[in-house]
Amino acid sequence: MQGYNLHTTQGFTLFDLLVALTVVGILTAVGTPAMTTFLAQQKAFETSQTLAGQMRAARELAVVSGKPTILCGTSDGENCIKNNFDKVMVFVDTNHNYRRDGDEVHLNLRGLSTSAGNLRLAASLGRPYLQYTPEGYANPYGSFYYCPRDGSMRQLIQRITTNNVGRAYIAEPVAAFGEVRKEGASKDAIDCP
């Protein structure tokens, strides 16, 4: 029979455990803000890509169907609004009244990731929608703005624009400053309207 030897027992001491927990705590404290910023950047990117894709789809639908197509932000899936919406809808405006009526079917109703920011549409003539003509033009034309709820995260501002000929594009951030610039501008950063 073997005897029990206290000097050969293996395991962790309380000191070893405290050191390991301290290291994990430090790594968590350093990594959490970076991960939060990364997730917010991904949501802003996803939202801008979704909006640009919906703009392209609405334009294509107008050209293919030969009928005016409306793209707008909505919260209830029925009414076009300019501010703080969480969905975008596309429909053919059969009676040319620039709003979705009961007989006009949603051709697309897409939810947007707005947990880290707000959305706003700045369309020409102050309209709450963008309209694509059967020729592919946008009238009114305008921009969607994705504005972070945390004002210190200016690098998350996104601008998704369709010009009057109906082409959609996303303004690119300027890496040195982390801000989106107005197209062709050297100094002026885009602010959330």
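Specify which of the listed residues (Q158, Q131) is farther than 17 Å from A58 by Cβ, surrounded by 13 or more Cβ atoms within 10 Å (Cβ to Cβ) and modelled with pLDDT of 80 or more.
Step by step, each of Q158, Q131 is checked, and only Q158 is farther than 17 Å from A58 by Cβ, surrounded by 13 or more Cβ atoms within 10 Å (Cβ to Cβ) and modelled with pLDDT of 80 or more.
Could you grab me the full set of residues in region 69-86 that are surrounded by 18 or more Cβ atoms within 10 Å (Cβ to Cβ) and either without any contact (Cβ under 8 Å) to a residue 40 or more places away in the chain or in contact with an Asp or Glu (Cβ under 6 Å, 6 or more places away or on another chain) (or both)?
I70, T74, F85
Taking the condition of being surrounded by fewer than 23 Cβ atoms within 10 Å (Cβ to Cβ) and under 16 Å from the mean Cα position of the chain (by Cα), how many residues in region 87-100 meet it?
So the count comes out to 1.
Where in region 70-154 are there strands (runs of 3 or more DSSP E), lying wholly inside it, with at least 3 residues that are under 26 Å from Q42 (Cα atoms)?
Counting at least 3 such residues, we get 87-92, 106-111, 117-123, 142-148.
For P140, are the conditions met, namely being at pLDDT 80 or above and surrounded by 13 or more Cβ atoms within 10 Å (Cβ to Cβ)?
Yes; evaluated as a whole, the condition is true for this residue.
Could you please let me know if Q41 is among the polar types (S, T, N, Q), modelled with pLDDT of 85 or more and not in a loop (DSSP other than H, G, I, E, B)?
No, not satisfied.
The values are calculated or read from the model by the stated rules, or taken from the named source; none is laboratory data. Given the structure is predicted, the values throughout are model-derived calculations rather than measurements. In this analysis, Cβ positions are derived from the backbone assuming ideal geometry, glycine residues included, and neighbour counts consider all displayed protein chains.
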